[in-house]
1. Return the pair list, or none, for Cβ contacts closer than 6 Å from residues in region 434-451 that are more than 13 Å from the ligand (Cβ to nearest atom) to residues that are assigned to a loop (DSSP other than H, G, I, E, B), at least 6 apart or on different chains.
2. Residues in region 168-181: is at least one in the same structural domain as residue 111 (by TED's automatic domain parsing) and assigned to a helix (DSSP H, G or I)?
3. In region 223-237, what residues are within 16 Å of the ligand (Cβ to nearest atom) and part of a helix (DSSP H, G or I)?
4. If I filter region 189-222 down to residues being crowded, with 19+ Cβ neighbours inside 10 Å and over 16 Å from residue 374 (Cβ atoms), which single residue comes out as nearest to the ligand (Cβ to nearest atom)?
5. Which of (1) under 23 Å from the mean Cα position of the chain (by Cα); (2) at pLDDT below 95 is the odd one out, the single condition residue 464 does not satisfy?
6. State the number of residues belonging to region 434-452 that are out of contact with any strand residue (DSSP E or B) (no Cβ under 6 Å at 6 or more places or on another chain) and in a loop (DSSP other than H, G, I, E, B).
7. Tally time: how many residues in region 385-414 are out of contact with any strand residue (DSSP E or B) (no Cβ under 9 Å at 6 or more places or on another chain) and within 13 Å of the ligand (Cβ to nearest atom)?
8. Check whether at least one residue in region 469-481 is outside the structural domain of residue 272 (by TED's automatic domain parsing), within 16 Å of the ligand (Cβ to nearest atom) and modelled with pLDDT of 95 or more, and report yes or no.
Ligand code: XMP
């Protein structure tokens with residue numbers, strides 16, 4: 001049982017619930033998202049320092065709308081209701097919630113009416129918030145005062161400070177609410193009176209102890225992809241059980257240039273992490289399976305399945321391994337369906353669980369951490385910045401960055417083009433605010449001229465996106481000189497390419513990857 005101070009996020013199906021938990025953790029306080037069906041006794045047992053009621057897509061008046069026992073408000077625990085959570089608080093405590101004549105959506109100016117409110121300590125009187133609602137509170141419950149308003153929302157925030165109940169119609173958790181982080185911090189640290197005991201150094205140490213106790217003298221196997229999550233999970237496990245951990249790294253021949261060697265340099269013989277490391281060079285098997293296949297989903301499936309086959313074979317060879325370690329992180333846990341939040345695109349992570357390999361137990365040392373926390377743990381464990389700050393890389397690898405059939409020749413083209421692109425962006429410092437940047441190979445060939453000769457070669461597409469959550473993304477503005485330099489280098493240095501495109505599409509309507 002974790003002993004940290006806890007802020008409980010009660011999930012009513014809103015789209016920003018993960019963000020709320022992240023924002024709380026940014027205040028060094030542990031937050032957990034639970035479905036709104038959790039019992040009040042369970043909440044008492046968890047003994048949270050504060051509770052946040054999330055937004056949600058419903059109306060409190062809708063038949064079977066998600067709700068909660070009003071006893072919640074008598075627990076004496078500070079509560080912050082956000083959007084639907086604020087309406088629910090008003091509704092359950094005798095206020096009035098009505099459909100607004102005009103929905104408010106997007107950036108909205110908000111006026112803080114009560115500067116003495118603890119929630120708005122050090123927040124400007126006139127600030128900007130992010131609204132997204134149709135219903136609104138028209139009358140605060142008895143005992144509550146209105147602490148903020150907007151043009152269309154007379155009760156943009158309300159509170160009953162004596163009962164430690166607070167509510168905002170707007171979303172303080174999203175970055176568009178200019179001073180939202182301050183509001184969350186005011187709630188978490190001041191109103192809930194937390195000390196801030198969620199620190200990654202302590203987590204790493206305690207988790208290693210927990211793993212040691214759990215695995216005892218047993219052996220564990222970890223599927224290592226070279227990505228941040230599995231690398232940090234493996235490192236944590238190696239601290240806990242040393243050489244009783246075996247990492248299996250399947251090189252499917254669809255990795256970025258030199259990536260296999262980079263992974264081996266960290267985890268292999270004489271690497272910085274002391275584990276048993278097995279690298280399987282399975283490129284030929286993957287290419288053979290992918291021969292002639294052009295349909296994206298089919299490619300994904302083949303790569304995923306083949307990965308599992310290889311992994312399974314290795315697991316059998318090692319034998320008698322009781323524990324399978326995975327790099328599952330908290331967003332995966334939340335996205336796989338806590339309750340009503342819409343399920344986000346489910347990706348086949350080829351580093352994922354081969355559920356037909358016979359293990360006694362799965363260990364997921366990072367299942368409670370967000371990505372930035374995983375990175376912090378990695379740093380605590382001594383992994384290099386280059387490894388810890390790696391951009392996400394899809395399990396199917398370059399297989400989904402090559403449109404159409406995957407061939408060895410195409411893999412080489414995309415690896416070389418991608419290496420040049422990354423190198424130049426990094427050299428120019430243009431990569432700093434990018435969530436992901438990579439080259440892909442289109443299936444288009446076109447006529448060009450090089451020297452005095454005609455060419456008929458492939459077009460490479462460059463992609464760079466700004467994104468925090470990878471669910472939506474903006475195509476990044478890159479300096480033209482950098483793009484020009486990358487283009488010149490790619491057409492000159494990568495055989496088989498005579499054109500370079502830059503992808504200006506956002507997500508939606510595009511996705512980040514090409515397939
Ligand atoms: P999309 O292309 O859906 O990608 O906009 C969103 C994020 O997910 C990564 N991605 C994957 N990761 N297996 C993975 O492990 C996959 O099949 C997969 N497909 C996409 C992608 O790189 C981006 O970060």
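The values are calculated or read from the model by the stated rules, or taken from the named source; none is laboratory data. The structure displayed is predicted, hence computed values, not measured ones. Ideal geometry is used to build each Cβ from the backbone, glycine not excepted, and the neighbour counts take in all protein chains shown.
1. 442/403; 443/403; 443/404
2. Scanning region 168-181 turns up at least one residue that is in the same structural domain as residue 111 (by TED's automatic domain parsing) and assigned to a helix (DSSP H, G or I).
3. The answer is 228, 229, 230, 231, 232, 233.
4. 221
5. Here residue 464 meets the rest and fails (2).
6. Looking only at that region, the number is 2.
7. 6
8. Within region 469-481 (the criterion being outside the structural domain of residue 272 (by TED's automatic domain parsing), within 16 Å of the ligand (Cβ to nearest atom) and modelled with pLDDT of 95 or more), the answer is yes, since at least one residue qualifies.
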